[in-house]
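Q: Before we start, here is the structure in question, set down as structure tokens.
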Amino acid sequence: MQKELDALTTDGTLDTYREFATADAAATEVLNAVTPLSEKYGLEIGGNIYESKNGYVYTKPKIGSAIGVKNRGDALGYHTHPGGRLRFSNAIVAAGNGTSDIQSIKATGYGNYLGVFSSGKTSIGFCDTTCKNFGFGGTRPKRILQ
């Protein structure tokens, strides 16, 4: 998987120096590229989105486990879920380590983008600190980007 992930940078699909007008645009590019790999290998992939001088940039994606990927807590985050619906894990549906997406968002104060791949397409949603930390089946995104 790492080889395929690295190839996305080598072939120009991903460029961690490219600046975007919005964080949504940065998240959309990186999640559209990595979410199919997450689904293929059954592992989460994630990183962060930082505000730069002229817009927003994303960090190089890193591979996590089947139940999580650790992002830095100092900026917006992005991550994938291999399989399933576009839902953030919460207090009821927590990852196996007991920390949910929503708990992490509330602890850091930074929102997070989520990508899932299903039926041949990537869906992307966003949650911030106003998203509820409950709900059977996971927390619905506050906003759906695609």
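The values are calculated or read from the model by the stated rules, or taken from the named source; none is laboratory data. As the structure is a computational prediction, the values presented were derived from the model and not from experiment. FYI the Cβ positions are ideal-geometry reconstructions off the backbone, even for glycines, and counts take in every protein chain you see.
Q: Being under 20 Å from Ala66 (Cβ atoms), surrounded by fewer than 17 Cβ atoms within 10 Å (Cβ to Cβ) and at pLDDT 90 or above is the filter here, so list the residues in the range 104-146 that pass it.
A: Ser118
Q: Moving on to the next point. Just one of (1) β-branched (Val, Ile, Thr); (2) modelled with pLDDT of 90 or more; (3) surrounded by 15 or more Cβ atoms within 10 Å (Cβ to Cβ) trips up Val93, so point out which.
A: Single failed check for Val93: (2).
Q: For the range 5-48, enumerate the residues that are of a type in the set (Phe, Trp, Tyr) and free of Cβ contacts under 8 Å to residues at least 40 places away in the same chain.
A: Phe20, the sole residue that qualifies.
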